[in-house]
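One structure below.
No value in this document is a laboratory result; all are computed from the given coordinates. Predicted model only: the values in this text are computed from it and were never measured. Note that each Cβ is placed from the backbone with ideal geometry, even for glycine, and that neighbours are counted across all protein chains shown.
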Amino acid sequence: MKRVVFLLLVAVLALTACASPVPTEPPAAASPEPSPTPVVVIQTVLVEPTQPPPTEVPPTPVPPTPQPIVVTVVVEPTQAPAAQPAAPTAAANAPITLDPALGKGVFTNMTISSANLTLRCAPREVVFNITTSNPDIVDVLFFYRIMDLKRLYQKDYKNFGKMTANGNGNFTLVFKGEDVHPNLRIDGSWLDFQFVGLAKSGNVVDRSQTIESQIKYTFDCP
């Protein structure tokens, strides 16, 4: 009996085994192929702006520097120039004042009309004017000498004569180029001079210093 049951059990297990499908192993998955290294390409793309660029503002123009306006004013003279006398120049007409120290307090206001004296050209004369406040002086003698420009040869003074008394202690003298003694004339030289005051008796009261290198003497125009 136990044997029959055992056989039946075996038969049942066999039928069960036949009825159940044999499990099949799934096929091995194929190995994935390695993917290639990606190449990165960077491209610069100019994108047109969606808005127009701002309009450039032109610089403010600098106004040009205005040119100066020259206005010429013509003034008509009230009188024709030819009818007007020529104005004298100070150098030609104004007297030259000598240093008061040369008068030694005896003579003042000493002037000469020119610093040049010539024998044959203008100015051909020099006018001397002096003043004295000494009442004892009634006459004044004019002494002169001619000296070379370098003053190498000493000369003596020569008495030319009396000056003209104009009153109130004023004296004047016109001395010409030809008044220089012919034996004393040197072309290109100095005319030195001195004023000597005389009393009524003719005696010398006092005198100025010897005045040198103030007047140049020449034969022709300086």
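Structure summary
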quantity: Electrostatic dipole magnitude of region 140-179 [Cβ: Lys, Arg +1; Asp, Glu -1; Cα centre; debye, to 20]; calculated: 140 debye
quantity: q = 0.14, 0.16 Å⁻¹: log10 I(q)/I(0) that the Debye formula gives for region 80-222, counting C-alpha atoms only; calculated: -0.68, -0.85
quantity: Cα-projected label distance for Lys158 with Asp139, points at 7 Å along beta-carbon direction, nm; calculated: 2.0 nm
quantity: Three semi-axes of the equivalent ellipsoid, region 137-215, Cα gyration tensor, whole Å, largest first; calculated: 25, 13, 11
quantity: Partners for Lys216 among lysines (Cα-Cα distance below 26 Å; same-chain residues under 8 apart left out); calculated: Lys104, Lys150, Lys155, Lys158, Lys162, Lys176
